[in-house]
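The values are calculated or read from the model by the stated rules, or taken from the named source; none is laboratory data. All values reported here derive from a predicted model rather than from experimental measurement. Don't worry about glycine lacking a Cβ; one is built from the backbone with ideal geometry, like all the others, and counts go over all protein chains shown.
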Amino acid sequence: MAQNPYSIRGGEVGRSRLRLLSEVMREGTDPLLDRFCMPGMRCLDLGSGGGDVATSMAARVGDNGSVLGVDLDAAKVAMATAEAHALGLRNVAYEAANVNEWSPSERFDLVYARFLLSHLPSRWELLKRAKEWLAPGGVLLLEDIDFRGHRSHPHSLELDTTVAWYEQVVAKRGGNAWLGPELPSLLREAGLANVGISAWQPVALHGGIKDLIVVTMEAISQAIVEDGLATEDELRRVVERLRSIAADPTTLMGGPTVFQAWGWNDEEA
Ligand SMILES: C[S@@+](CC[C@H](N)C(=O)[O-])C[C@H]1O[C@@H](n2cnc3c(N)ncnc32)[C@H](O)[C@@H]1O
């Protein structure tokens with residue numbers, strides 16, 4: 001059977017994981033959009049998943065702006081499209097496509113990707129192409145992880161194991177779970193100007209990132225077993241232990257460090 005290039009389970013289960021992910025990441029993404037996403041902008045969201053960020057962008061750009069989301073997973077694209085219709089959003093649309101083989105028919109003021117590049121082998125190539133999709137003065141805005149940021153108190157061997165499994169599953173498919181700190185150099189090498197960076201980390205005593213760590217572990221469990229990193233029994237034991245740590249409000253868990261980086265297309269109009 002051909003290996004799926006994307007390591008995390010997709011479809012409806014994947015969509016509900018992304019809803020949780022968006023709730024956790026709102027703390028970092030909302031201020032970023034407040035800073036970069038303005039009324040009237042034409043925005044492109046690469047690897048848009050369930051459309052949570054595209055929906056937030058649509059509210060910011062308003063009726064004179066537009067948002068296009070592109071994702072490989074046709075099931076998520078269908079759900080995002082249905083949600084946009086249900087919300088009465090007329091300024092957002094989605095396309096199912098592999099961004100490595102896709103090109104837009106227009107240029108954008110803002111091209112954005114959250115947690116996509118760390119899964120792709122062809123990161124620099126995509127950024128180089130995405131720079132060409134920017135209108136003069138447009139901004140390329142990225143959010144991505146460094147999985148080494150994970151921590152727990154008290155220390156948990158199961159969390160360490162989970163982090164190592166995730167990193168290996170992603171690496172086997174050509175991704176890089178430590179990508180975050182590389183984002184500024186990738187942007188510079190792709191020709192973007194005035195590159196900037198910030199970072200933050202989600203932490204919790206209950207809910208939030210604690211639940212997301214468990215759900216992510218479950219979402220990559222098929223890949224972990226397929227890759228021979230653990231047996232189903234070993235996996236079950238680790239997930240059960242993580243679940244009990246996540247449910248205990250006296251323990252702290254922190255997720256990946258989330259890097260936010262941006263660079264501008266400084267071409268004159
Ligand atoms: C971790 S999810 C993030 C989704 C969304 N950006 C968010 O933050 O809520 C990564 C998304 O990238 C999509 N993806 C992975 N490889 C892709 C590719 N080559 N082309 C388009 N989408 C891709 C997956 O289907 C998934 O929805």
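Tabulated data
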item: Cross-chain or 6+ apart pairs with Cβ under 6 Å, the stretch 230-246 first and free of Cβ contacts under 8 Å to residues at least 60 places away in the same chain, then basic (K, R); result: A246/K210
item: Of all residues in the stretch 29-64 being among the small types (G, A, S) and within 12 Å of the ligand (Cβ to nearest atom), the one that is farthest from L126 (Cα to Cα); result: S56
item: Filter result for A204 (in contact with a strand residue (DSSP E or B) (Cβ under 7 Å, 6 or more places away or on another chain) and touching a residue at least 12 places away in the same chain (Cβ under 8 Å)); result: yes
item: Candidates L21, L33 - the one that is within 18 Å of W264 (Cβ to Cβ), part of a helix (DSSP H, G or I) and either touching an Asp or Glu at 6+ places or on another chain (Cβ under 8 Å) or not charged (D, E, K, R) (or both); result: L33
item: Sole residue being within 28 Å of L141 (Cα to Cα) and either at pLDDT 95 or above or surrounded by 20 or more Cβ atoms within 10 Å (Cβ to Cβ) (or both), chosen from G228, G175; result: G175
item: R114 being buried (at least 23 other Cβ atoms within 10 Å of the Cβ) and within 28 Å of L242 (Cα to Cα); result: yes
item: Residues that are in contact (Cβ under 8 Å) with a residue 60 or more places away in the chain and touching a Pro at 6+ places or on another chain (Cβ under 8 Å), drawn from the stretch 42-80; result: L44
item: Boolean, T161 is within 18 Å of S22 (Cα to Cα), crowded, with 16+ Cβ neighbours inside 10 Å and hydroxyl-bearing (S, T, Y); result: no
